[in-house]
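Taking it in order: structure first as structure tokens, then the write-up.
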Number of protein chains: 2
Amino acid sequence: MSKELKNTFYGNAQPLMIAVDCIIFGFDKEGLKLLLFKRKIDPFKDKWSLIGSFVDQEENISETGHRILKEYTGLTNVFLEELGCYGKQDRDPAARVISIAHFALIRLNEQQLKLVESYEAHWFGIDEIPDLILDHNKMIAAALEKLRLKARYQPIGFELLPKKFTIPQLKKFYDAIYQKKHDRRNFRKKILDMDILKKLTEKDKTTSRKGAFLYQFDKRKYNKLVKKGFNFTF
Amino acid sequence: MSKELKNTFYGNAQPLMIAVDCIIFGFDKEGLKLLLFKRKIDPFKDKWSLIGSFVDQEENISETGHRILKEYTGLTNVFLEELGCYGKQDRDPAARVISIAHFALIRLNEQQLKLVESYEAHWFGIDEIPDLILDHNKMIAAALEKLRLKARYQPIGFELLPKKFTIPQLKKFYDAIYQKKHDRRNFRKKILDMDILKKLTEKDKTTSRKGAFLYQFDKRKYNKLVKKGFNFTF
DNA sequence: GTTATAAGCGTAAAATAAACGCTTATAAAC
DNA sequence: GTTTATAAGCGTTTATTTTACGCTTATAAC
């Protein structure tokens, strides 16, 4: 259908502006973090905010999200999921803008941590999020809630942890998500019983004298488990 | 801020059309049902579809949903929740339209069942949904999935069941949602242990000689339970 | 009165989760 | 080179939850 012909059917509809805002989670030794940016445009210039962009006419919404992530973190193939729609009529005083919030999970490493500084961005610990513009604090609260919920039935930790990780590291992630210290021994038992981890021969010795064995996620076994249906309850 | 001043900040953004589509669930003796409509406009005139409407400039998105429900079912105060955003660039051949799918749960009674016929609408059993326009079948699949998920940690059945209901009726609802026959005795035990139902003295005798006691949902007790945190696992 | 059946009640067994004592490997201290 | 401190790892016991299923009950239909 030609562009001219398009939209003759729905002629009476009023178009609105649509944006995608990204809640970018990262995780490292210090815990769960969130990437925030100093806003570059008015209104609210120089205030802390999530990073976002308008959706282009020719762009799928998830493409907008990945475009944002690529531009500001340099990463492609990031775990990105729709969180929800923030469309209150008066949410942005500058214009009627509907934002489709998305949350992303990325593996943190030194490179990542430095890269972002060039965008006047900063990784904030999850307990030290500042006041943000518009409804961005609300979005973050919802994202955390969803992350918790998702972690119950999907091994979401694997998107955030490094490729090789130790069981205590994995536990630390779940402790952060659920804001609860799990029992070290029961946690280990439960996660190993799932039979989705492959034990490596290497150890990580950065956090203890004894060192902890590194593991890798066994995708094949995991997919099998998902099909059978399971429930991460920690 | 005046309308003229608005949007000078985001001048480069291209506005798009936003619609809300509603997946309307109902439940009666026959089981879980879905309300579908014969589309009134081109393209796809006279094909079965969900009911929807464009979002107005001055309207919150949830208001659009409630407006649709009011107009086509006559009901206000309906349980309505955002399902997700369907915004693929080519989802509608007639124009770039982003749809925010919502799902609604309504109590079915005779009046409801008749009312809808005036809109060339029809209640379809959940296992006999026809082919719908655009991505509407996808939306329904996602809505069912979400309904299942939600039913685990929210007593969602109470939105769909009549004010007074029997335990076998409630079980029937969960059987339908999870597509699994639960054990009658364990189901009863579990739901009663939650202590959120108020037993009435009346019985419903339409489904058995013995009759089943009617119950009502005790909102006060339920709210207490929600705060404490719980998990419907059937 | 007998019968058939959905509704309702209770108990035993199986599975899962929680609590927690003990051992081990290793770097650092002496 | 011996001791010490500690995170990591291993295993058992107890408590809780889930599942399976036998038995009783109220009532309409015959």
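The values are calculated or read from the model by the stated rules, or taken from the named source; none is laboratory data. Everything numeric in this text was worked out from a predicted model, so none of it was measured. All Cβ positions, glycine included, derive from the backbone under ideal geometry; neighbour counts span all protein chains shown. With ligands, DNA and RNA removed, areas are computed over all heavy atoms of the protein, side chains included. Shrake-Rupley method; radii C 1.70, N 1.55, O 1.52, S 1.80 Å.
Can you work out ³J(HN,Hα) from phi for every residue in the range B:182-195, in order, using Karplus 6.51 cos²θ - 1.76 cosθ + 1.60 and θ = phi - 60°, giving whole Hz and x for Gly and Pro?
Whole-Hz 3J(HN,Hα) from phi for the range B:182-195: 7, 6, 3, 6, 5, 4, 3, 4, 5, 5, 6, 4, 5, 6.
How about the range A:96-151: which trypsin sites (Lys or Arg not before Pro) there lie in a loop by DSSP and see at most 12 other Cβ atoms within 10 Å?
none
Give me the percent of the accessible area of the range A:159-234 that comes from carbon and sulfur atoms, probe 1.4 Å, all protein chains in place.
Carbon plus sulfur share of accessible area: 50 percent.
What is the dipole size for the range B:14-107, taken about its Cα centre, with +1 at each Lys and Arg Cβ and -1 at each Asp and Glu Cβ, in debye to the nearest 20?
380
Taking the Cα centre of the range A:65-188 as the origin and placing charges on Cβ (Lys, Arg +1; Asp, Glu -1), which of A:Ile100, A:Phe158, A:Tyr72 is farthest toward the positive end of the dipole?
A:Phe158
For A:53-63, what's the mean count of beta carbons from other chains sitting within 10 Å of each residue's beta carbon?
Mean shielding by partner chains, rounded to a whole number: 5.
To the nearest 10 square angstrom, what accessible area does A:Phe158 show with a 1.4 Å probe?
We get 20 Å² for A:Phe158.
Using only atoms on other chains, find how many Cβ atoms lie within 10 Å of each Cβ of peptide A:92-105 and report the average.
For this peptide, the per-residue mean of nearby foreign Cβ atoms is 4.
For every helix of n ≥ 4 consecutive DSSP H residues, a contribution of -39,500 (n - 2.57) applies; sum these over chain B, divide by its total residues, and give [θ] at 222 nm rounded to the nearest 500 deg cm²/dmol.
It comes out at -9500 deg cm²/dmol, rounded to the nearest 500.
In nm, one decimal, shortest first: how far is the label point of B:Arg185 (7 Å from Cα along Cα to beta carbon) from the matching points in the other copies?
The answer, with the shortest distance listed first, is 3.7 nm.
Using only alpha carbon pairs under 8 Å that are at least six residues apart, calculate the relative contact order of the range B:104-178 and give it in whole percent.
In percent, rounded to a whole number, it is 44.
Taking 28 Å as the cut-off for C-alpha to C-alpha distance, list the pairs among B:Lys70/B:Lys146; A:Lys40/A:Lys171; B:Lys38/B:Lys88; A:Lys138/A:Lys198; A:Lys164/B:Lys146; A:Lys146/B:Lys219 that go past it.
A:Lys40/A:Lys171; A:Lys138/A:Lys198; A:Lys164/B:Lys146
For labels at B:Lys205 and B:Glu30 in the simple 7 Å Cα→Cβ model, what's the distance in nm?
Spacing of the two 7 Å Cα→Cβ label points: 2.7 nm.
List every residue whose amide H lies under 5 Å from the amide H of B:Gly84, counting only residues 5 or more places away in sequence or on a different chain, with H placed 1.01 Å from N in the peptide plane.
B:Ala101
Determine the alpha carbon to alpha carbon distance for each of A:Lys150/B:Lys199; A:Lys33/B:Lys190; A:Lys189/A:Lys224 and list only those over 29 Å.
The pairs that break the limit, which is 29 Å between Cα atoms, are A:Lys150/B:Lys199; A:Lys33/B:Lys190.
Can you tell me the dipole magnitude for the protein assembly as shown around its Cα centre, using point charges on the Cβ only (Lys, Arg +1; Asp, Glu -1), in Debye to the nearest 20?
So the dipole magnitude of the protein assembly as shown works out to roughly 3380 debye.
Search the structure for amide H atoms under 5 Å from the amide H of B:Phe79, placed 1.01 Å from N in the peptide plane, and list their residues when 5 or more places away or on another chain.
Those lying under 5 Å, H to H, from B:Phe79 are B:Leu105.
Hey, can you grab everything whose amide H is under 5 Å from the amide H of B:Leu197? Only 5+ residues off in sequence or another chain; H modelled, so Pro and N-termini drop out.
B:Asp218
Once you have the Cα-Cα distance between A:Glu58 and A:Phe44, take 0.36 nm times their residue separation minus that, and quote the gain in nm to one decimal.
Length gained between A:Glu58 and A:Phe44: 2.2 nm.
Chain B: which residue's Cβ hugs the B-to-A rotation axis most tightly, distance rounded to whole Å?
Measuring from each Cβ to the axis, the minimum is at B:Pro15, 2.
I need the phi-derived Karplus couplings for the range B:25-33: 6.51 cos²θ - 1.76 cosθ + 1.60, θ = phi - 60°, integer Hz, Gly and Pro marked x.
After applying 6.51 cos²θ - 1.76 cosθ + 1.60, I find 9, x, 9, 9, 3, 7, x, 7, 10 Hz.
Across the residues of A:64-71, average count of Cβ atoms on other protein chains within 10 Å?
Averaged over the peptide's residues, the number is 0.
Would you kindly derive the ³J(HN,Hα) couplings of the range A:151-157 from the backbone phi angles with the Karplus curve 6.51 cos²θ - 1.76 cosθ + 1.60 (θ = phi - 60°), listing them in order in whole Hz, with x for Gly and Pro?
Those phi angles translate into 4, 6, 10, 9, x, 5, x Hz.
Measuring from a point 7 Å out along Cα→Cβ, what nm distances, shortest first, does B:Glu128 have to its partners in the other copies?
6.2
Could you compute Rg(Cα) / (2.2 N^0.38 Å) for chain B, with N its residue count?
That works out to 1.16 for chain B.
For Cα pairs less than 8 Å apart in space and 6+ apart in sequence, what is the mean separation divided by the residue count of chain B, i.e. the relative contact order in percent?
Once divided by the residue count of chain B, the mean separation gives 20 percent.
Placing the label point 7 Å from Cα along the Cα-to-Cβ direction, what are the distances from B:Pro43 to the equivalent spots in the other copies, shortest first, in nm to one decimal?
With the label placed 7 Å along Cα→Cβ, B:Pro43 yields 4.0 nm.
Expressed as an acute angle from 0 to 90° and rounded to the nearest 10, what is the orientation of the C-alpha long axis of helix B:61-73 relative to the principal long axis of chain B?
It works out to around 60 degrees.
Could you calculate the FRET efficiency of B:Arg91 with B:Gln179 from 1/(1 + (r/R0)^6), where r is the beta carbon distance between them and R0 is 22 Å, rounded to 0.05?
Result of the calculation: an efficiency of 0.20.
How much accessible surface area, in Å² rounded to 10, belongs to the heavy atoms of A:His102 with a 1.4 Å probe?
10
Order B:Leu149, A:Leu16, most accessible first, counting only protein heavy atoms with a 1.4 angstrom probe.
The most accessible residue leads, giving B:Leu149, A:Leu16.
Angle, helix B:219-228 long axis vs. longest principal axis of chain B, Cα atoms, 0 to 90°, nearest 10?
The helix B:219-228 is inclined about 80 degrees to chain B.
With springs connecting C-alpha atoms under 10 Å apart, model chain B as a Gaussian network and identify which of B:Asn12, B:Asn186, B:Asn77 has the largest mean-square fluctuation.
Its mean-square fluctuation being the largest, the pick is B:Asn12.
Helix B:167-178 against the longest principal axis of chain B: what's the angle in degrees, Cα atoms only, rounded to the nearest 10?
40
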